[in-house]
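Novice: Sharing a structure below in structure tokens format, with a few things to ask.
The values are calculated or read from the model by the stated rules, or taken from the named source; none is laboratory data. What you are looking at is a predicted structure, and each value in this text was computed from that prediction instead of being measured. Cβ sites come from the backbone with ideal geometry, for glycine too, and all protein chains shown count toward neighbours.
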Amino acid sequence: MEKKFKRTTVTSALPYANGPVHIGHLAGVYVPADIYVRYLRLKKEDVLFIGGSDEHGVPITIRAKKEGVTPQDVVDRYHYLIKKSFEEFGVSFDVYSRTTSKTHHELASDFFKTLYNKEEFIEKTSEQYYDEEAKTFLADRYITGECPHCHSEGAYGDQCEKCGTSLSPTDLINPKSAISGSKPSTGIFPSTNTKDGCANGFWKTTRNGAPTYTDSARAGSTWDCSRVPSAVTSTGVSLCP
């Protein structure tokens, strides 16, 4: 027996507001959803078709850096372009909004706080790649390299777009920063705001062509220096005065 619903909400993937919608997006995501919504409307059913521009994430900040503008400039430009494109193609959203809206922020925050208060999250400390030229820590999408599975160049730190394999940044062979093109490091890094040093050395381990610096020895690590500048960990905690 067919299950009846009083109301139906239809959503679709949120396009990143870092470029225009292309035909693949329309054919694979938005036209099929629109066809289903139109079918339900013809049946006089109560349906709401909701979409919006994703205005958070690394692809947006990468484009902003390349263009020399702010991320807000990028998302404002492409949100309105994407919205207008959907209207011109006849994709019949009832609501097409953006993830920077007050409603989205409040709802997302409420979800997070509810889960946090229930202690559903697992908190842990992890190493993160650091671009010593750009003086910034690198999110997964700010790191590219050779995929260890299909050996395609240009794989991201979270996924290879060619073979679809999910990755971690440290899985990449010969990783490099998408910002400066330099080899990133992980672990302990020189501070940018002091000239003072301390007498602590550090251990160096090389994996997939990138060095990792830690204050304790690991398998295969070598003592790299007997004196290093004041350093910080990836969480920003000073390791020496």
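Novice: So, in the stretch 152-188, exactly how many residues are assigned to a strand (DSSP E or B) and either of a type in the set (Asp, Glu) or in contact (Cβ under 8 Å) with a residue 60 or more places away in the chain (or both)?
Specialist: 1
Novice: Another question, if that's okay. Report the residue count in the stretch 136-151 for those that are touching a residue at least 40 places away in the same chain (Cβ under 8 Å) and crowded, with 19+ Cβ neighbours inside 10 Å.
Specialist: The total comes to 4.
Novice: Say whether the condition of being among the hydrophobic types (A, V, I, L, M, F, W, C) and without any contact (Cβ under 8 Å) to a residue 12 or more places away in the chain is met by at least one residue in the stretch 13-24.
Specialist: yes
Novice: Same structure again: Which condition number does Thr114 fail, the rest of (1) under 18 Å from Pro15 (Cβ atoms); (2) modelled with pLDDT under 95; (3) of a type outside the set (A, V, I, L, M) being met?
Specialist: (1)
Novice: For Gly154, which of the numbered conditions (1) within 18 Å of the chain's Cα centre (by Cα); (2) modelled with pLDDT of 90 or more; (3) over 28 Å from Gly51 (Cα atoms); (4) buried (at least 16 other Cβ atoms within 10 Å of the Cβ) fails to hold?
Specialist: Looking at each condition in turn, Gly154 falls short on (4).
Novice: Same structure, new question: So Cys163 ticks every box in (1) out of contact with any strand residue (DSSP E or B) (no Cβ under 7 Å at 6 or more places or on another chain); (2) modelled with pLDDT under 90 but one. Which box is left unticked?
Specialist: Going through (1) out of contact with any strand residue (DSSP E or B) (no Cβ under 7 Å at 6 or more places or on another chain); (2) modelled with pLDDT under 90 one by one, Cys163 breaks only (2).
Residue-by-condition table, conditions (1) touching a His at 6+ places or on another chain (Cβ under 9 Å); (2) farther than 28 Å from Lys4 by Cα; (3) part of a helix (DSSP H, G or I); (4) of a type in the set (Val, Ile, Thr):
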{"position": "Leu40", "(1), (2), (3), (4)": "no, no, yes, no"}
{"position": "Lys44", "(1), (2), (3), (4)": "no, no, no, no"}
{"position": "Ser53", "(1), (2), (3), (4)": "yes, yes, no, no"}
{"position": "Tyr78", "(1), (2), (3), (4)": "no, yes, yes, no"}
{"position": "Leu81", "(1), (2), (3), (4)": "no, yes, yes, no"}
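Novice: Would you point out the residue of the stretch 88-100, among those that are touching a residue at least 24 places away in the same chain (Cβ under 8 Å) and out of contact with any Asp or Glu (no Cβ under 7 Å at 6 or more places or on another chain), that is surrounded by the most Cβ atoms within 10 Å (Cβ to Cβ)?
Specialist: Phe93
Novice: Among the candidates Thr61, Thr9, Thr70, single out the residue that is in contact with a strand residue (DSSP E or B) (Cβ under 8 Å, 6 or more places away or on another chain) and of a type in the set (Ser, Thr, Tyr).
Specialist: Exactly one residue qualifies, and that residue is Thr9.
Novice: For the stretch 113-135, enumerate the residues that are under 30 Å from Ser177 (Cα atoms) and loosely packed, with under 15 Cβ neighbours inside 10 Å.
Specialist: Phe121, Ile122, Glu123, Lys124, Thr125, Ser126, Glu133, Lys135
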